[in-house]
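> Following this message is one structure expressed as structure tokens.
Since every read-out is calculated from the coordinates, none of them should be taken as a lab result. Predicted, not measured: the structure shown is a model, and the values here were computed from it. Don't worry about glycine lacking a Cβ; one is built from the backbone with ideal geometry, like all the others, and counts go over all protein chains shown.
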Amino acid sequence: MLRVGVIAATFVACVAFAEPLGLPPVPIPADNPPTPEKVKLGDKLFNDKRFSATGEVSCATCHDKEKGFTDGLQVSEGINKLKGTRNAPTVVNAAYLKTQFWDGREPTLESQSTQPFLNPVEMALPSHDPIVKIVRTDPEYIDLFKRAFGKTGDKVTMKEVTQAIASFERTLLAGNSPFDRYFYGGEKTAMSPVAIRGFDVFINQGRCVSCHVIEQTQALFTDNRFHMIGSGAKQMPKNLDDLAAAVEEVKKKGTDIAVLSNEKTSSLGRYAVTRDLTDIGAFKTPTLRNVALTAPYLHDGSLKTLEEVIQFYNNGGREKETDPVPELLSGGIRPLNLSNEQQADLVEFLKALTSPEFAKK
Amino acid sequence: MKMNRRAFLKTTGAAAMASALPISLVRVAFGEKNPAKDFTFAYISDAHIQQIEGSKFVRNWDMGLIRAVQEANLLTPRPDFFFFGGDLAQLGKKEELDHGLEIISNLRGKVYYVMGEHDYYLDLGKYWESKISPLWYSFDHKGVHFVVLTSILTYDEWTYHKWATPMDRMLAMARLDNPEGSPFLVGEKQRDWLKKDLEKVNKSTPLVVCSHSPLQKIYKGWNFWTDDAESVQTLLKPFDKVTVIYGHVHQIQYNQVGSISFHAVMATAWPWPYPKSYVQQANRLPRLTVPMNRADPFFERDATGWQFINVRTGNVDMEYQLPSNENRSVAFSPKTGSPQDSKYQNVNRRVPPQNHY
């Protein structure tokens, strides 16, 4: 990675637009500077349903622009309506994330995009070959790859395909929300008084900001870390044998396939990647931008509304107060004692994180 | 063991880490020809279970112990047994001890108990002795002689004649930097018992001694100290391989005195700072009267942990399990004849102390 300042310069020079209010410069890998040609190509690849076994699923199927680049389902559906185990995370602002997927099993947007093509419950291709074949022979792609990478024929590989998709994804940015205008833009009326009260809960008694980070000049609403917040606690392996079996499955099938095919294995979270005990059941802090548009919530889509999510945190990582406290719950998660009014205020604040270009018209 | 620690981790350890097992205990034959003597155990300490009122207990301390128990249950291969290193309770109350025992009862395996001052000074160990464990005892396991001492006794005058109520006494002993405090002692009676106990043991038998306070003198103001440490050390020194494991200090410490290796264990409740880093030149910081703040104030398990231990060489390899922090390994090095941190022993890799206060 280049240093941030350099990155910004490169980015602006190549794609020529500035980040919206409330966002830092987009980090750009040194070997994949974005260009308008790459972005255009990436957009087309992102929406191409031919890259699935049935010809019915594209990246955009689960990351639908109309739904904040998610799919509105509890867990995503791939070919033939096959279900995975995880709620589709938004692609918006994924460019800023230090790791990709709920368990951070891939470090970059480029490497992330190789996996859903092959996962049996997603696009289910037997290998990347069909994709490579299409992009080398489809006349439109031949032209686009030539413009974007100066390459044709055998020189076009999955590397260029993933670089183009990642370049497109780096343009999917959300800032300039009522919150940004209020907090960074100095527009005191950009948020409603209720949302302003909710902001106070967010950064104080609610302790939301500890993970959903807001900084002096920017807010990504994630700490890029992994926390066991209580979601998936009911599916988690209860004993050593179960845990060993789940880990064995991860080793045998690979993380991507293992975690999307089995709820129990999915519930391992970050542990499936690191095998560090702290990471059992821990999932990446997602951004909260456009969160009002991306229901349902949590890694398994188990909560339907923002009200339910806040109730869940208020109960210290439990849907009901009577549920047992998960043994390996992150030390940061504990009952918050928020009043009903504070919870309602918090919901209003979260609604103020919707960027205008994504807001439902 | 001819391999040094680093080489060992690189080969055996790395291979084990990559195996299917959820968490890998490094297990190597104790003597090459005697694999039966290869064993590990886990050590949890300083839970400080604290009753607020009735059935309400401090959640943070509960969660620390619950987490350690749950994690230790995921060790594989299974440790031969567990130790609890003392300070199960905060103020020695029956309710606190019972609540702590209930959490520990989920540990899958035999648990040996060490008495801490927070367990003792309310009723002088009566409930502990009746329900949990004798105050001092020894046992043999696969060729290693284990001794458990109650090192947190003190002078009779202080214990029996100074305080209006047992709770006054308990609260006085629970304070750091207390001018009314009193240094810990193993005491003559127990030392006599120890002397007799060790007479039966061959000097080449590896010895592991578990106490709550360090059987060495580190910092008197916080009772990181046992007043008759030298007398106890004198009894241990004739043995070829001695390891003293202690709690109380809530931090990683290690040291070598003659043939005796010292290892401290982490607390599951809260960390203490190193006395040296805390007690520097005069400053205007308020006196430390509450558990230190976390480096990470959000994550209340920061700087706490528990450990598993292998005795493959007859000396102790201490594997610190530190939630959300990098796990640490402190193992006896035959080359230098003292415990060494597998990573931070190297001067170039040490984290420099903060002196900017």
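> Please compute the modelled spin-label separation between B:ALA172 and B:THR336, points set 7 Å along Cα→Cβ, answer in nm with one decimal.
About 4.2 nm separates the two model spin labels.
> Using only the Cα atoms of chain A, what semi-axes does the equivalent ellipsoid have when each is the square root of 5 times a gyration tensor eigenvalue? Give whole Å, largest first.
Its equivalent ellipsoid spans semi-axes of 33, 27, 17 Å.
> Still on this structure, please answer the following. Viscosity 1.567 mPa s, temperature 4 °C: give me the Stokes-Einstein translational D for the stretch B:95-165 in µm²/s, with Rh taken as the Kirkwood radius over C-alpha pairs.
92 µm²/s
> So what is the relative contact order of the stretch A:240-280, in percent, for Cα pairs below 8 Å that sit 6 or more residues apart?
28 percent
> Name the residue from A:CYS62, A:PRO139, A:PHE101 whose Cα lies farthest towards the positive end of the charge dipole of the stretch A:4-169, charges +1 on Cβ of Lys and Arg and -1 on Cβ of Asp and Glu.
Positive-most Cα among the choices belongs to A:PRO139.
> Also, quick follow-up: Rounded to a whole number of µm²/s, how large is the Stokes-Einstein D of the stretch A:240-280 at 25 °C and 0.890 mPa s, given Rh as the Kirkwood radius over C-alpha pairs?
Using the Kirkwood radius from Cα pairs, D works out to 253 µm²/s.
> Would you mind checking A:LYS38/A:LYS133; B:LYS131/B:LYS241; B:LYS241/B:LYS335 for any pair whose Cα atoms are more than 23 angstrom apart?
Correct reply: B:LYS131/B:LYS241.
> Pairs A:LYS40/A:LYS351; B:LYS126/B:LYS189; A:LYS284/A:LYS351; B:LYS93/B:LYS189; B:LYS126/B:LYS195: which are spaced more than 23 Å apart, C-alpha to C-alpha?
A:LYS40/A:LYS351; B:LYS93/B:LYS189; B:LYS126/B:LYS195
> Hey, another quick one. So, how do all the Cα-to-Cα distances of the stretch A:273-343 break down into 5 Å bins, in percent, from 0 on up?
Using 5 Å bins, I get a P(r) of 3, 14, 22, 25, 21, 11, 4, 1, 0 for the stretch A:273-343.
> Could you work out how far apart the two model spin labels at A:LYS49 and B:ASP240 are, taking each label as a point 7 Å from the Cα in the direction of the beta carbon, and quote it in nm?
That separation, rounded to one decimal, is 7.6 nm.
> Turning to a different aspect of this structure: Check the straight Cα-Cα distances from A:LYS81 and name the aspartates and glutamates below 19 Å, setting aside those fewer than 8 residues away within the same chain.
Cα-Cα hits under 19 Å: A:ASP48, A:GLU56, A:ASP64, A:ASP71, A:GLU122, A:ASP256, A:GLU263, A:ASP300.
> Give, rounded to the nearest 20 debye, the magnitude of the charge dipole that the stretch A:240-280 has about its Cα centre when Lys and Arg contribute +1 at Cβ and Asp and Glu contribute -1 at Cβ.
Roughly 140 debye, rounded to the nearest 20.
> May I ask for log10 I(q)/I(0) of the protein assembly as shown at q = 0.05, 0.06, 0.09 Å⁻¹, from a Debye sum over the Cα atoms as equal point scatterers with solvent left out?
Scattering profile of the protein assembly as shown, log10 relative to I(0): -0.30, -0.43, -0.89.
> May I pose another question? Starting from the coordinates of the alpha-carbon atoms of the stretch A:304-358, obtain the Kirkwood hydrodynamic radius over all distinct pairs and give the value in Å to one decimal.
12.4 Å
> Stokes-Einstein at 20 °C, 1.002 mPa s, Kirkwood radius from Cα pairs: D for the stretch A:4-169 in µm² s⁻¹?
131 µm²/s
> Let me ask something else. Would you please name the trypsin sites (Lys or Arg not before Pro) within the stretch A:148-232 that are DSSP coil residues with at most 11 other C-beta atoms within 10 Å of their C-beta?
A:LYS188
> Along each principal axis of its Cα atoms, how long is the stretch A:121-185 end to end? Whole angstroms, biggest number first, please.
Largest to smallest, the principal-axis extents are 51, 33, 17 Å.
> Sequence-distant or interchain residues sharing an amide H contact under 5 Å with B:VAL209, placed H: which?
B:VAL147, B:THR243, B:VAL244, B:ILE245
> Sticking with this structure for a sec: Evaluate the charge dipole of the protein assembly as shown about its Cα centre and quote only its size in Debye, nearest 20, assuming +1 on the Cβ of each Lys and Arg and -1 on the Cβ of each Asp and Glu.
Its charge dipole is roughly 1680 debye.
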